[in-house]
């Protein structure tokens, strides 16, 4: 029996599937929401709140058999600092002269 060719073509029917990476999941959550940009607000708010909560915690309360409490607190501090700093990216489409006006 031949596979049916739909509007998506033959290649998709035979393409192997794999789980999304964490980065792919986050990109998907923040990009494809029924609530639009509100999903991005939700994720950023959760990062702010969770990193602030963990960085103030006792290491014995947040560690587990896989990750030490000190490591959790360290990464929470790093994320908290980055969220609260101005992070810039090179933007080839941006014109510096226009921004200075």
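The values are calculated or read from the model by the stated rules, or taken from the named source; none is laboratory data. These figures come from a predicted structure and were not determined experimentally. Don't worry about glycine lacking a Cβ; one is built from the backbone with ideal geometry, like all the others, and counts go over all protein chains shown.
Some points to look at:
- Residues being assigned to a loop (DSSP other than H, G, I, E, B) and either under 13 Å from residue 49 (Cα atoms) or in contact (Cβ under 8 Å) with a residue 40 or more places away in the chain (or both) - total across region 75-95: 1
- Residues satisfying the stated conditions in region 60-74, i.e. assigned to a helix (DSSP H, G or I) and surrounded by 14 or more Cβ atoms within 10 Å (Cβ to Cβ): 62, 69, 72, 73, 74
- Selection within region 41-59 - assigned to a helix (DSSP H, G or I) and free of Cβ contacts under 8 Å to residues at least 24 places away in the same chain: 41, 42, 43, 45, 46, 49, 53, 54, 59
- Residues satisfying the stated conditions in region 38-90, i.e. more than 25 Å from residue 27 (Cβ to Cβ) and touching a helix residue (DSSP H, G or I) at 6+ places or on another chain (Cβ under 8 Å): 55, 57, 58, 59, 60, 61, 62, 63, 68, 69, 70, 73
- Exactly one residue out of 51, 33 is surrounded by 14 or more Cβ atoms within 10 Å (Cβ to Cβ) and at pLDDT below 95: that is 33.
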